[in-house]
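Read-outs: derived from the displayed coordinates by stated rules, not from any lab. Just so it is clear, the structure is predicted and the values come from calculations on it, not from any experiment. As a convention, Cβ positions derive from the backbone with ideal geometry for all residues, glycine included, and neighbour counts pool all protein chains shown.
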């Protein structure tokens, strides 16, 4: 009799299993797969109760994200694991003229020969997650090496990488970010390339860790940007970057060589208490608004040759391991003396005083 009842129950069990729920449950671990009122959004929200093992077992394939983007959907992954390479070069291109761009971005692109773009229409959110693969806008499956492509990526919605660890290289070069960008507390274990990117709104890389080489060459920040307490462990390139609004590198740490040469700071720039362990170059940099280097530490060469400070400059209590280079640098106001706050100056004065005193004693004894 029990076997008969079991046979009667099996069809109902199979029917129940074939129903696709909005959320998948593994004990206390739940995965939200839809957000009410947001049909054009690819969603994978893992609950905080999910263990690392459960998140890994239900990892989100990068291929699924790519298909959602191709369908014109936005992406929202939270507390999850993304596996595989997400090559945004696989998105279809459209005429750039068909993509609505604000006047600020159009002005930046004056003289550009770009005619095509790949578009991400919704938000692009991968937060508090692990991205175990390449995220790339310049690499195609058949390419054996990177090269700058002729088109661009336009992300129309906000971008959030807050708290996410990227285990491999990230190259978002030639991307136009029309919405705000929040990459605070993210970790980039490989290369992090943002070459010739345009950030139209605010951008935050606060407390972000860059373990490998980092490049923002020729990027343009139309909104305020912060790298407060960010850590750069590899070679860092901010060459020829334009900061339209305020920019903060306060308490940032630069372990290797760093370049800001040719950059233009149109808003207030703050490098107070930043630490540069190796050589740093600000050659031909232009500071239109006030700039602050108060209590910054330069353990290698600090080269400000041909820099132009058009407003207030604050170098109070800066530590120089070696004599800084301000050759041909221009200042809007008479520059305050390095005085006794400069340890290099103190060392020179101390040596001179010691030599003078020792010389007098030697002559007196003779």
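How would 49, 266 line up from fewest to most surrounding beta-carbon atoms within 10 angstrom?
49, 266
So if we plug the beta-carbon distance of residue 106 and residue 28 into 1/(1 + (r/R0)^6) with R0 = 51 Å, what FRET efficiency do we get, rounded to 0.05?
Working from the Cβ atoms, E equals 0.55.
Return the FRET efficiency for the residue pair residue 245, residue 58: r is the Cβ-Cβ distance, R0 is 41 Å, and the value is rounded to the nearest 0.05.
Between residue 245 and residue 58 the formula returns 0.50.
Using the count of nearby Cβ atoms within 10 Å as a rough guide to exposure, how do 233, 129, 104 rank from fewest to most?
104, 233, 129
Take the Cα gyration tensor of the stretch 193-294, multiply each eigenvalue by 5, square-root it, and list the three semi-axes largest first, rounded to whole angstrom.
Whole-Å semi-axes of the equivalent ellipsoid: 18, 15, 14.
Highest first, please rank the peptides 323-332, 149-158 by the mean number of other Cβ atoms sitting within 10 Å of their residues.
Per-residue mean Cβ counts within 10 Å order the peptides as 149-158, 323-332.
What number do you get for the stretch 30-149 when its Cα radius of gyration is normalised by 2.2 N^0.38 Å, N = residues?
My calculation over the Cα atoms of the stretch 30-149 gives 1.22.
Report the rotationally averaged projected area of the stretch 58-119 based on its alpha-carbon convex hull, in square nanometres.
If I average the Cα hull's projected area over directions, I get 5.5 nm².
Report the gain in length on full extension from residue 168 to residue 113: 0.36 nm times residue separation, minus Cα-Cα distance, nm rounded to one decimal.
Using 0.36 nm per residue and subtracting the Cα-Cα distance, I get 16.7 nm.
So, R0 is 30 Å and r is the distance between the beta-carbons of residue 331 and residue 299; what FRET efficiency does that work out to, to 0.05?
0.80
Could you line up 125, 181, 130 from fewest to most neighbouring Cβ atoms inside 10 Å?
130, 125, 181
Run the numbers for residue 98 and residue 319: contour at 0.36 nm per residue of separation, minus the present Cα-Cα distance, in nm.
Full extension from residue 98 to residue 319 adds 74.4 nm.
Using alpha-carbon positions, what is the distance between the centroids of the stretch 58-79 and the stretch 175-196, in Å?
A separation of 18 Å, based on Cα centres.
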